[in-house]
Amino acid sequence: MTTPASVDDYRSAARCRLSRLAFDYLEGGAEDGLTLKRNRDAWGAWCFRPRVMTDVSECSTATTLFGRTAAAPMVVGPTGLNGLFWPHADELLAQAAAAAGLPFALSTASTSLLEDVRAAAPHGDLWLQLYVQQNRAIAEDMMRRASDAGFSTLMLTVDTPVHGNRDHDVRNGFKLPLRLSGRLVADCVRHPGWTWQMVRHGSPQLKNLARSVGERANLNRHAAMLSRQMDLTLGWRDLDWIRRHWRGPVIVKGIQTVDDARLAREHGADGIVVSNHGGRQLDGAFAPLELLPMVIDAMMDEVGDALAVFIDGGVRRGAHVAKAIALGASGVLLGRAPLYGVAARGLHGASHVLEILLKELRTTQQLLGCVQVAQLGRHCVEFAGTIVRD
Ligand SMILES: Cc1cc2nc3c(=O)[nH]c(=O)nc-3n(C[C@H](O)[C@H](O)[C@H](O)COP(=O)(O)O)c2cc1C
């Protein structure tokens with residue numbers, strides 16, 4: 001394999017290594033993939049307006065997120081079932097993030113215990129992403145465990161009351177616990193490296209959820225079942241309940257309208273993520289980048305910078321991070337990008353993807369004449385009028 005130079009190079013490597021079942025789960029969007037494509041295309045609609053002849057010899061990508069310094073306005077975002085891509089992938093992603101100086105958000109649907117993730121990244125800034133199941137005691141226990149393990153920030157995901165329709169997962173017969181079918185066996189034969197790892201380490205399980213469900217027979221099967229039983233009654237008033245169980249900052253992930261951004265703030269959220277879950281939930285939704293200026297303008301008018309606004313969806317380049325920050329975001333979440341790295345080459349791949357993105361962001365800032373993240377602003381970008389398609 002030649003040296004990967006970009007996130008997309010890692011995507012190609014991950015595609016070769018992973019079984020079809022695993023790659024489709026990582027990559028796929030809901031239904032016709034309209035929003036998945038829109039998320040990526042939206043970045044091309046904004047062009048840079050660089051300033052030259054400024055001294056760019058000293059340049060920093062560092063920023064402050066909820067009072068802590070981060071090496072860049074990037075967070076390794078929450079993704080479930082990471083063990084499907086590489087054994088102990090949650091630990092490896094947390095380690096890579098900590099080494100790069102970035103926060104890591106662990107999914108409720110992680111395949112490693114949050115206590116093991118803390119042990120792997122003892123000094124990392126760890127965030128917990130929360131899904132709320134019908135049995136609220138599970139979420140309460142997970143928040144307690146995360147708090148005990150020194151996780152700093154809670155991210156409540158609100159765009160997943162039910163799972164989006166993902167045709168590729170239906171076709172591949174993808175469901176936890178994994179069941180061996182003729183199709184999966186053929187898939188495994190075509191991807192021996194991935195298969196050998198799965199055989200040696202066992203198929204991934206929702207360990208974190210299982211631990212919070214409590215002791216009982218057939219715990220992993222039970223946890224898999226519970227993961228599909230979201231609390232459909234969840235509403236804004238429940239942020240008070242979260243607040244009673246979590247002392248640190250609370251971020252609401254999955255906001256797509258100004259009205260919901262306002263409600264999140266009114267109910268005490270410290271931050272929001274403008275996100276459509278990487279195009280995996282409601283197909284036909286706008287790209288988060290298309291919504292960002294509107295949300296930022298309204299929130300700045302109403303609450304100033306009291307609400308941190310993050311964005312995710314299709315971030316594959318440091319230049320994308322720079323555009324998001326120029327449009328007023330506090331930071332971006334990386335979804336698939338670090339997964340490509342870990343799926344292709346484990347810890348080394350995850351670290352290299354973060355290194356590539358940090359380097360690209362730094363270069364972009366220097367070429368724009370913005371040697372501090374705080375200098376990135378609306379004057380740096382202009383809407384090019386059409387959505388560029390690749
Ligand atoms: C394989 C995969 C699993 C995901 N699992 C979760 C999850 O457990 N919780 C969550 O809040 N978001 C989850 N997401 C959504 C990501 O946090 C993020 O919103 C999205 O991936 C951003 O888009 P991008 O992948 O194009 O960067 C998942 C995304 C992927 C690709």
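The numbers here are math on the coordinates, done by the rules we state, and not lab data. None of the values given here were measured: they were computed from a predicted structure. Every residue, glycine among them, receives a Cβ derived from its backbone with ideal geometry; neighbour counts consider all protein chains shown.
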*Amide proton proximity set for Thr79, modelled H, under 5 Å, gap of 5+*: Ser107
*asked:* With a cap of 13 neighbouring Cβ atoms within 10 Å, and only residues DSSP puts in a loop, list the GluC sites (Glu not before Pro) found in the stretch 14-79.
replied: Glu58
_Proximal lysine pairs, the chain, alpha carbons under 26 Å, eight or more residues apart or interchain_ = 9
*Which of the listed residues, Gly29, Asn82, Cys380, is farthest toward the dipole's positive end in the stretch 7-383, when Lys, Arg count +1 and Asp, Glu count -1 at the beta-carbon?*
Asn82
*Evaluate the charge dipole of the chain about its Cα centre and quote only its size in Debye, nearest 20, assuming +1 on the Cβ of each Lys and Arg and -1 on the Cβ of each Asp and Glu.*
1100 debye
*Which of the trypsin sites (Lys or Arg not before Pro) across the stretch 139-223 are loop residues per DSSP, with 16 or fewer other Cβ within 10 Å?*
Lys175, Arg179, Arg216
*asked:* Full-extension gain between Ala298 and Met225, please, as 0.36 nm times their residue separation minus the C-alpha to C-alpha distance.
replied: 22.3 nm
*Cα centroid distance between the stretch 144-200 and the stretch 90-119, in Å?*
16 Å
_Where trypsin sites (Lys or Arg not before Pro) fall in DSSP loop in the stretch 232-286, at most 13 other Cβ within 10 Å_ = Arg237, Arg247
*What does the convex hull of the alpha-carbon atoms of the chain project to on average, in nm²?*
18.7 nm²
*Quick one: if you stick a label point 7 Å off each Cα along the C-beta vector at Thr54 and Arg15, how many nm between them?*
3.7 nm
*Collect residues whose amide H, placed 1.01 Å from N in the peptide plane, falls under 5 Å from the amide H of Ala308; neighbours closer than 5 in sequence don't count.*
Gly271, Ile272
*Just subtract the alpha-carbon distance of Trp236 and Ser147 from 0.36 nm times their residue separation and send over the number in nm, one decimal.*
29.8 nm
*Counting alpha carbon pairs within less than 8 Å and at least 6 residues apart, what relative contact order, in whole percent, applies to the chain?*
29 percent
*Given the stretch 1-88, what whole percent of its Cα pairs are spread farther than 18 Å?*
70 percent
_Three principal axis lengths of the stretch 221-338 [C-alpha, angstrom, descending]_ = 44, 31, 27
_Estimated distance in nm for a label pair at Asn165 and Glu31, the labels positioned 7 Å out from Cα along Cα-to-Cβ_ = 0.7 nm
*Using θ = phi - 60° and the Karplus relation 6.51 cos²θ - 1.76 cosθ + 1.60, list the HN-Hα couplings for the stretch 105-114 in order, rounded to whole Hz, with x at every Gly or Pro.*
9, 8, 6, 4, 8, 6, 9, 10, 5, 4
_Descending principal axes extents, the stretch 83-148, alpha-carbon based, whole Å_ = 36, 25, 16
*May I ask for the distance between the Cα centers of the stretch 276-317 and the stretch 12-80, given as a whole number of Å?*
13 Å
*In whole Å, largest first, what are the principal axis extents of the Cα atoms in the stretch 305-390?*
39, 30, 30
_For Cα pairs less than 8 Å apart in space and 6+ apart in sequence, what is the mean separation divided by the residue count of the stretch 239-378, i.e. the relative contact order in percent?_
18 percent
